[in-house]
Amino acid sequence: MILKLFLVLVTLSTAMPIYAQIFKLTFTPDAALNPVAAAFIKSEVQKIETEINDGLPSAESPDRLLEGMANSSVIAGKGIGSDYASNMSVLLIGAGVGVGVDLEKNKEADTDLSGAGVQGGLILGTNLGWMDTKSIFGLDTDKLNVYLNFMSYKHEMNTGDTKAKIDLASYGVHFSYNWINGSGSKWLGWGGVKVHWGYEFNKTTLKFSSEITETLNQTSAGTTYNANIVANPFAAIDVTTHSIPLEISSSVQILYILSLYGGLGADYNTGTATGKGDINSSTAAVSCTVTAPCPTGDAGDIDTTANIDGKGKASPFTFRGFAGVQVNLPFIRVFVQADKALGSELVGATVGVRLVF
């Protein structure tokens, strides 16, 4: 159904079958309605409620999902704005995209994921050896690299009765320093030990609007009950995170074409993911074709409510390990990197390509 797309985009992952209800349909019977007819209508309304909620999170779980999105946004940005094994001499230009997923099982929502995020960016880097000064704050400029990354992306899409819009923005600055020089050659060499630090900003805004049209048209004991349930739900999800990483890495180069690298990182993070929305529905009157069970001709009303507001904060500290594989071609580097937070189920993956001079 169309609302499954809503949660697919909210969590940036595949919707799972869930049994708790985020949309609630309440039937209020007319005072004169036959109790047997009232029980029948309530059971049919419950079926419609279950159908609307199929694949959606529970009303109790948005905060946990939003917390997972905030943490996923942080780890999705790792590896985009820095470099670990390209051996830049003067200049580096490239692009990359990263995804992050919180794989902790969400018991409240009965899902195998607790959030996901995506980020991307262009990167521009240089070695500071071209500067007139030989050192900055006691650091040799020919061992010091600086990188800037940035991106802004917007996309709108319409799928059936659902409209969605996504805005992505990120920027950052990173420094790396060749703490211990490497040894060997390009055919078989050790890249030494590098120290990395910097600042990363990631922002994701998701907006959705949709339509729900459900019809109650059931017959019991010769009486047909009719109602049209119409709603126009909307939601806005805003994820904004800041991260200050400190990393140490090393690498090896084999037969020139292949480099393997890895390291450890510690991040200080701030930021939140906030979700707001409403169901935008009106009361639906239930009519009867036979007046015997409902003497007034009106069986009652159906009201629709929803709880899709929530807020989650990014974990203030993340400790992680990372590893990557890089293919080295003349002036071109293509890499894949994986990050894993220690002590949690938060993982990230980054791919990118760079021109190196």
If ARG320, ARG354 are placed from fewest to most neighbouring beta carbons inside 10 Å, the sequence is ARG354, ARG320
The residues MET69, MET157, MET88, sorted from fewest to most surrounding Cβ atoms within 10 Å, come out as MET157, MET88, MET69
Summing +1 per Lys or Arg and -1 per Asp or Glu among the other residues with Cβ less than 11 Å from LYS340's Cβ gives 0
The size of the Cβ-based charge dipole (Lys, Arg +1; Asp, Glu -1) of the chain about the Cα centre, to the nearest 20 debye, is 1400
Which of GLY300, GLY81, GLY121 fluctuates most in a GNM of the chain (C-alpha springs under 10 Å)? That residue is GLY300
Heads up, segment 2-356 by the C-alpha gyration tensor (a ≥ b ≥ c square roots of eigenvalues; a/c under 1.5 rounded, else a/b over b/c prolate, else oblate) looks prolate
Net charge (Lys, Arg +1; Asp, Glu -1) of residues whose beta-carbon lies under 11 Å from that of GLY77, GLY77 excluded, is -1
Here FRET efficiency (C-beta to C-beta, TYR177 to ASP63, R₀ 41 Å, nearest 0.05) is 0.55
Largest fluctuation, GLN46, GLN218, GLN253 only, Gaussian network model of the chain with Cα springs under 10 angstrom, belongs to GLN218
Cα-Cα longer than 22 Å, checked against LYS207/LYS313; LYS154/LYS313; LYS105/LYS313; LYS47/LYS207; LYS105/LYS207, kept in input order, equals LYS154/LYS313; LYS47/LYS207; LYS105/LYS207
Each label sits 7 Å from Cα toward the beta-carbon; between TRP190 and ALA323 the label points are separated, in nm, by 1.9
Between the alpha carbon centres of segment 222-239 and segment 132-163 the gap in Å comes to 43
If one builds a Gaussian network model of the chain from Cα atoms under 10 Å apart, the most fluctuating residue listed among SER220, SER243, SER89 is SER220
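Each value in this text was obtained by applying a stated rule to the coordinates, not by laboratory testing. Because the structure is a prediction, the values reported are computed rather than measured. Glycine also receives a Cβ, built like all others from the backbone with ideal geometry; neighbour counts cover every protein chain displayed.
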